[in-house]
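Okay, so here's the structure we're looking at.
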Amino acid sequence: MTRRGSEPPSAPASSGRRTFLKQSALSSGALATAGMGQAATPTARSTVRTYRRLGRTDLEISDISFGSSRLRRGQEDVVRHALELGVNYFDTAESYGQGVSETVLGNALKGQRDKVILASKQHCGARTTKATLMRELEASLRRLQTDRIEVYFNHAVNDVSRLQNDAWYEFVADARRQGKIQYTGLSGHAGRLVPVIDYAVDNDLVDVVLVGYNFGQDPKFYEGLTRSFDFVATQPDLPRVLAKAQAADIGVIAMKTLMGARLNDLRSYEAEGNTFAQAAFRWTLSNADVDALIVSMTATEQIDEYLGASGAKALAKGDLELLESYARRNGMTYCKHACDQCESSCPYGVQIADVLRTRMYATDYGDARFAQAEYSAITQDASPCLGCNGAPCAGACPHGIDIAALCAPTHRMLA
């Protein structure tokens, strides 16, 4: 199978794990209140430069595409701006804003339906019924003001048992036969993602996978940054399963590509046309096992900046330095999605990776409402952490995150 691009180059070695951890902890504390911001220098209006084939589908999608998890009422102009600049793939879900995201997309794309590719999602649990799945799909179609969705995902799958519910496959067969969906997939960004993708690929269950993946989750990045890190060997196994999906001609779309999106952290180091976001996107797009990426687009200026990285096949000059600087500042508070090495440490079954993901939405994205909605959906939240001394999870993160110091405050903030 033909591969696009090249493997992401490694970063130069640094002085070692202890120095890295110390610098990371200090930098993270000093920048804890930094949020999303505007580029330090004006970014020229950019357009989509490349459309990529999405695995075995017949879809050609913009390499940088529209994520709408944080789309709010009245933001139709943001959607139209992206469409005008060549974005043709719009990702949503029935749960985003309790249907608001789909409604806004439907309003904005009315009359433009043949120009776009829509993707939506719903959660199918181990016991969800076929009737429920069809009812939710039809509600999404009404909100999107369309009769079809090109790619329909089983949303946020973090357990293989959710792929063993026959109701999902019966639903998919009926929805396809009725022309309501064209292709199916799974999305995931929390623990146990690797075995989920392995199972889906081995059993040929999906056409597309949407996964949380960024430079901070690839062992090669850290191996280059410092070869003395003790935790390199326990980095997520995502590169292997992404390559496996590509070999099976399954489409791969990356999300969470900004590793927390603390954009203000590096604004003073950026130059026009070389922002941290663009560097992170170029890193992702240079990976031959990734077809495209989606990113939350909430402002027209943000879209202009993001699309500056469209068409990338390799990193640009200065990109590695930006990525390294970001990793040093945020490496000690960012949970590496799909690692889940800490899961068994908690006697109360707290879903640590999911808790820390919602913390990211609140503190890094600056979106408390979205964070609260996501936190409320966690089966076992961090409430047990309020009365725990932190001993069970102490040292459980192979990447050095102080779990106890983050989980209880997250519960207080979002519950």
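The values are calculated or read from the model by the stated rules, or taken from the named source; none is laboratory data. As the structure is a computational prediction, the values presented were derived from the model and not from experiment. We place every Cβ from the backbone using ideal geometry, glycine too, and count neighbours over all the protein chains shown. The accessibility values were calculated without ligands, DNA or RNA, using every heavy atom of the protein model including side chains. Shrake-Rupley method; radii C 1.70, N 1.55, O 1.52, S 1.80 Å.
Considering only residues that are of a type in the set (Val, Ile, Thr), under 30 Å from Met360 (Cα atoms) and either modelled with pLDDT of 95 or more or open to solvent by 10 Å² or more (accessible area, probe 1.4 Å) (or both), which ones fall in the stretch 138-195?
Filtering the stretch 138-195 down to residues of a type in the set (Val, Ile, Thr) leaves 146, 149, 151, 157, 160, 172, 181, 184, 194.
When the remaining residues are screened for being under 30 Å from Met360 (Cα atoms), the result is 149, 151, 157, 160, 184, 194.
Those that are of a type in the set (Val, Ile, Thr), under 30 Å from Met360 (Cα atoms) and either modelled with pLDDT of 95 or more or open to solvent by 10 Å² or more (accessible area, probe 1.4 Å) (or both): Ile149, Val151, Val160, Thr184, Val194.
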Helices (runs of 4 or more DSSP H) contained in the stretch 129-214 and holding at least 2 residues more than 20 Å from Glu343 (Cβ to Cβ), touching a residue at least 60 places away in the same chain (Cβ under 8 Å) and touching a Phe, Trp or Tyr at 6+ places or on another chain (Cβ under 8 Å): none
Return the only residue of Lys244, Lys256 being modelled with pLDDT of 95 or more and of a type in the set (Lys, Arg). Lys244
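Among the candidates Ala391, Ala404, Ala316, which residue alone is within 26 Å of Val295 (Cβ to Cβ) and aliphatic (A, V, I, L, M)?
Working: Ala391 fails: within 26 Å of Val295 (Cβ to Cβ); Ala404 fails: within 26 Å of Val295 (Cβ to Cβ).
Matching residue, one of Ala391, Ala404, Ala316: Ala316.
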Do we find a residue being touching a Phe, Trp or Tyr at 6+ places or on another chain (Cβ under 7 Å), in contact (Cβ under 8 Å) with a residue 60 or more places away in the chain, farther than 30 Å from Arg45 by Cβ and assigned to a loop (DSSP other than H, G, I, E, B) anywhere in the stretch 317-332? no
What's the total number of residues in the stretch 124-137 that are open to solvent by 40 Å² or more (accessible area, probe 1.4 Å), within 25 Å of the chain's Cα centre (by Cα) and either at pLDDT 95 or above or hydroxyl-bearing (Ser, Thr, Tyr) (or both)? 1
Answer yes if at least one residue in the stretch 365-381 is charged (D, E, K, R) and under 30 Å from Asp291 (Cα atoms), and no otherwise. yes
Per the filter on the stretch 340-389, residues closer than 24 Å to Leu238 by Cβ, of a type in the set (A, V, I, L, M, F, W, C) and not in a helix (DSSP H, G or I) are Cys342, Cys346, Val350, Ala377, Ile378
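What number of residues within the stretch 65-107 are of a type in the set (Asp, Glu) and assigned to a loop (DSSP other than H, G, I, E, B)? It would help to see each step written out before you state the result.
First, the residues of the stretch 65-107 that are of a type in the set (Asp, Glu): 76-77, 84, 91, 94, 102.
Subset that is assigned to a loop (DSSP other than H, G, I, E, B): 94.
Of the residues in that region, 1 qualify.
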Does Lys336 satisfy the criteria of being outside any helix (DSSP H, G or I), open to solvent by 20 Å² or more (accessible area, probe 1.4 Å) and modelled with pLDDT under 95? no
Residue check for Ser325: small (Gly, Ala, Ser), crowded, with 17+ Cβ neighbours inside 10 Å and over 30 Å from Gln75 (Cα atoms): no
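Can you confirm whether Asp198 is at pLDDT 95 or above, open to solvent by 60 Å² or more (accessible area, probe 1.4 Å) and under 21 Å from Leu242 (Cα atoms)?
Numbers: at pLDDT 95 or above: yes; open to solvent by 60 Å² or more (accessible area, probe 1.4 Å): no; under 21 Å from Leu242 (Cα atoms): yes.
Against the criterion (at pLDDT 95 or above, open to solvent by 60 Å² or more (accessible area, probe 1.4 Å) and under 21 Å from Leu242 (Cα atoms)), Asp198 does not qualify.
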Taking the stretch 353-392 and keeping residues open to solvent by less than 20 Å² (accessible area, probe 1.4 Å), touching a residue at least 60 places away in the same chain (Cβ under 8 Å), within 18 Å of Asp159 (Cα to Cα) and of a type outside the set (Lys, Arg) leaves Ala353, Asp354
Neighbours by Cβ (under 6 Å, 6+ apart or cross-chain): first from the stretch 89-109, among the polar types (S, T, N, Q); second open to solvent by 10 Å² or more (accessible area, probe 1.4 Å): Thr103/Arg143; Asn107/Glu76
Checking Gln75 against (1) within 22 Å of Arg369 (Cα to Cα); (2) open to solvent by 30 Å² or more (accessible area, probe 1.4 Å); (3) touching an Asp or Glu at 6+ places or on another chain (Cβ under 7 Å); (4) not basic (Lys, Arg), only one condition comes out false. Which one? (3)
